[in-house]
1. Could you size up the charge dipole of the chain around its Cα centre, putting +1 on the beta carbon of Lys and Arg and -1 on that of Asp and Glu, and report it in debye to the nearest 20?
2. Normalised radius of gyration for the range 577-628, please: alpha carbon Rg relative to 2.2 N^0.38 Å, two decimal places.
3. Counting other beta carbons within 10 Å of each Cβ, put His285, His500 in order, fewest first.
4. Using label points projected 7 Å from each Cα along Cα→Cβ, tell me how many nm separate Ser58 and Thr461, to one decimal.
5. Counting other beta carbons within 10 Å of each residue's own, what order do Leu350, Leu469 fall into, fewest first?
6. With both bridge residues required to lie in the chain, what share of the DSSP beta bridges run antiparallel, to the nearest 5%?
7. In percent, what relative contact order does the chain have, based on Cα pairs under 8 Å that are 6 or more apart in sequence?
8. Taking the highest mean first, how do the peptides 91-101, 200-210 order by number of other beta carbon atoms within 10 angstrom per residue?
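Read the figures in this text as sums done on the coordinates, not as results from a lab. Given the structure is predicted, the values throughout are model-derived calculations rather than measurements. Reconstructed Cβ throughout: ideal geometry from the backbone, glycine too, with neighbour counts over all protein chains shown.
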Amino acid sequence: MARRSSPPDLPGGGPSGPVSGRVSDGRASRRAGRRLIAAVAALALLAGAADRGRDAWSAWIDATPLPNLSVPTGVEVLARDGSLLRAFAVEDGLWRLAPPRSGVDPQFMAMLIAWEDRRFASHRGVDPRAVLRAAVQAVWNGRAVSGASTLSMQAARLLERGPTKDWRGKIRQARLALALERRIGKDGVLDLYLRLAPYGGNTEGVRAASLMWFGKEPRRLTAAEAALLVALPQSPESRRPDIPARRAAARAARDRVIARAEALGLLTPEAARTAVATPLPTRRHPFPALAPLLADRLRRENPGALSIETTIDPVLQRQAEALAARAVATQGSRMSAALILADHRTGEILAHVGAAAFSDPRAGGFIDMTQALRSPGSTLKPLVYALGFDDGLIHPETLIEDRPAAFGRWQPENFDRRFRGTVTIRQALVESLNIPVVRVAEALGPPRIAAALRRAGAPATTAGGQPGLALVLGGGGVSLEGLVTAYGGLARGGRAVALHARVEPARELAPFVGPVAAWYAGAILAQLPPPGGRAAGRVAYKTGTSYGHRDALAVGYDGRFVAGVWMGRPDGTPVPGAFGGDHAAPLLFDLFDALAARAVPLPPPPGAALTVPNAALPPPLRRFAPPGTLRAPSSAPARSEPLAILFPPDGAEVELTGDRLVVRARGGRGPYTWLIDGRPVAVGVADPTADLPAAPGWGRISVIDADGASTRAGVRLTRPGQG
């Protein structure tokens, strides 16, 4: 007896294959067959009507109620080059991402259409030829042998989360597919499919799948990768390549797609052989999580934004995270590290590590230590000295006493409990001595120091809200981001730029010291010997260690970059033996070593800088003497009133008529020394009135009398007609 054969496949899109298996009950099989035959017949009718474009059918299609076409996708935080730093799941826990802006690999798109819907470009949502073929095969075999679902119908089903085999659902999907093509067109239908195609578990869409299986965006895929992504949505769980028992099914499905692509000329025989020989992925890749704590903060600060562009350099970010992890690897449990790297010219944050081990809750991986208020240790000392330089109280070569002293009931000591006697300001800062900086801070006044820190972008919190002298030795709270901002201000001549990780214009802060004072501080910091025998002079930096060894810090800058490092335990418990110089400084310089190819040298001294030895300084600057210091008896008459600047008054705006400015003081005792932005411009002036060189812009005018008393005024100088 001759064997009955099936009719040959009619040309059409979509892979052929059984969609329902045999059942033991023949009656049930016949009923199922009749239902499926009725479904494909109805689809044929819809397809024919759509192609003929009859008015009644057209109106019926237009009246199709559409579901919400807005498919939620996870928030994406992007690096400066557009690559993905971190992605977030949508509210229902699904990993679903919008297709990349640059598009999906064209080879994948060609394979997808060749496998799922070869006539996608020509039909209107339902493919009449595929429906006819499926109907003939169903009638001939008494059951459905091949499908007729188009990409548009699949998108409709995915959009509605409808059934795959129910005939009523098929009719509904066909009508919705016709309506979708009219409403959003072919590109819109493809976009829906690329977002919604199932890839197993809680992963949907080709982009999430490509990141999960290959660890890369789907912009450029190999033939083997593209074929696997085409094959998986048909049966995502039974074809998981990371499960050994299902790898054979995954390989067979992938290879069928490759064979179809070769048959249609999409792949050469050689490319097809290479693709078939390519191993399957054996594990799922984690989704990108660079700068995770920063990304999470930006997402909270920008509710509703689906794509957040940042200034983060992905190469530097990976290096920074690796360096931070290495730095704490040998430091014991619960140890963490944080760092910020920025371009101090623009304020752009290039690398941000909020915690060394984001995934380790024992080490406080969920706490962003760049934002935490911690003791700054000695890192505020350069800022205090810069204020003293700016006011004309001190010069780097000014002598100052490092001897036991009491400030009220407080008697600070140096870290090593030793005193050096008479030292220069330069030596005091290089050796991070405590007594000299407290002496200068007392002369400046804690409120003024606190105000300058706010202008520098490093506001400090203190107990009771009132700043005291202990602030300059770390007796307050400052964030690492604030410290990096302030040091960036020193690098920029005393005017910081607010740090930012979003793509936005630079925002300059108010000046807190003048360019000469800022350069003095930086030139001293550049003399500090770097750790590990590196050459000095490349980076101006300062370390700090908080009381009880709870915080180890290092902050520094070169001619372009500024960086800060914190190490410690986020819970604030002490870390015995942790010092800024031993722990944080090596990590800081490892970071600058990674920037060696982009490094910019520190700037030369400004023209107004006074680079002379102590003996050549104006007499009031040779030795520090705070206001009110008792001096040896003098035959000179006593001052009748305190020293003050009569003109220009503090905060005034003065219009220049030339390149000179007449200034006038009252009180004190001559001779007088006048300074502009910390630079002596008139020394030994007998009269309290002086004629000084001046130029438009903001400036700080200071005067020092023969007894060392000083006062200052900040002014803005303009030209006639200038606002």
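1. Values: 90 positive and 63 negative charges, 696 e Å.
Using only the charged Cβ atoms, the result is roughly 3340 debye.
2. Taking the Cα Rg and dividing by 2.2 N^0.38 Å, one obtains 1.92.
3. Details: His285 13, His500 17.
Placing the least packed residue first, the sequence is His285, His500.
4. The modelled label-to-label distance comes out at 6.8 nm.
5. On the way: Leu350 25, Leu469 20.
Final ranking by Cβ density, sparse to dense: Leu469, Leu350.
6. 85 percent
7. With pairs under 8 Å counted, the relative contact order is 10 percent.
8. Numbers: 91-101: 16.5, 200-210: 22.9.
Put in order of decreasing packing, that is 200-210, 91-101.
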